[in-house]
1. Solvent-accessible area of residue 13, probe 1.4 Å, all protein chains present, reported in Å² to the nearest ten, please.
2. Can you give the extra length, in nm with one decimal, that the chain gains between residue 39 and residue 64 once fully stretched, where that is 0.36 nm per residue apart less the Cα-Cα distance?
3. Could you order 42, 72 so the one with the most accessible surface comes first? Probe is 1.4 Å.
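The values are calculated or read from the model by the stated rules, or taken from the named source; none is laboratory data. From a predicted model like this one, the values you see are computed outputs, not experimental measurements. Note: accessible area is taken over every heavy atom of the protein model, side chains too, but ligands, DNA and RNA are not part of it. Shrake-Rupley method; radii C 1.70, N 1.55, O 1.52, S 1.80 Å.
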Amino acid sequence: GKQNLQGISKRGDAYIRKMLIHGARAVIRHMNRNNAPVDWLEDLMRRRHHNVVIVALANKLARTIWALLSKEQNYKRYEDTVVA
């Protein structure tokens, strides 16, 4: 009963894919060394090509959106859920 989520395919909705890519590109463009949204993204940027990082972030955004819509929940930032 578990759904298998794969990467962002060019066979899917082109408009949604384009918007996810543009959103990921905007996040990376406005990211600086002191303001990385998450550590894995900064590490990936050191190891991979710029466009590969953009598609990886867009895929992560798509998975997050799918999970929120399928579970009918609101988005909670990770920092808000961690108890210090």
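1. Residue 13 has an accessible surface of roughly 90 Å² with all protein chains in place.
2. 7.3 nm
3. These residues rank, largest area first, as 72, 42.
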